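For reference, the structure discussed in these notes is given below.
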Amino acid sequence: MAVKEVYSIRISKSDNAIKNYLEQFPVKEQTQALKTLLKYGVERLQENYFYDKAFLDLKDSIKHLQNAQEEKLNEIRQILTELQVSGASCSKEDPDEPLIDNEKARKSMEEALSMLLG
């Protein structure tokens, strides 16, 4: 897109904020003050766009991480449920033998935690 060689703008009666800003400069410096103001505005808009995009990307990444952790947590819950069901359905042949093998339970919990932590 082409850019004009010269632009002119009108400051109307309702543009009080701009008028108040320009009044702090001598008349000869007001044009330069407007140019500086426009450059500053463009820079801030570009920065805001960059930070807004970064924020949205970060928000999406967090959402994906939460979903992945939720899936892992569901897997852990499933493993624990299976352990409880298999432990409850075991019949004890030897009354001195524990109902759940502690070593197997520990390994299953380690697997579940490693899935959660990645």
**Study point:** Residues located in region 26-84, provided they are among the polar types (S, T, N, Q), within 26 Å of the chain's Cα centre (by Cα) and over 30 Å from Ile11 (Cα atoms)
**Key:** Ser61, Gln66, Asn67, Gln69, Asn74
Exercise for review: Give me the pairs, please: first residue somewhere in region 58-77 and part of a helix (DSSP H, G or I), second residue anywhere and at pLDDT 90 or above and surrounded by 12 or more Cβ atoms within 10 Å (Cβ to Cβ), beta-carbon distance under 7 Å, and either six or more positions apart or on two chains.
Suggested key: none
Exercise for review: Go through region 23-58 and give me each residue that's surrounded by 10 or more Cβ atoms within 10 Å (Cβ to Cβ) and either touching a strand residue (DSSP E or B) at 6+ places or on another chain (Cβ under 6 Å) or among the basic types (Lys, Arg) (or both).
Suggested key: Lys35, Lys39, Arg44, Lys53
**Study point:** Scan of region 13-30 for residues that are assigned to a loop (DSSP other than H, G, I, E, B) and modelled with pLDDT of 90 or more, ordered by number
**Key:** Ser14, Asp15, Glu23, Gln24, Phe25, Pro26
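The values are calculated or read from the model by the stated rules, or taken from the named source; none is laboratory data. Note that the structure is predicted; figures quoted are calculated from it, not measured. Quick reminder, even Gly has a Cβ in these numbers, built from the backbone with ideal geometry, and neighbours come from all protein chains shown.
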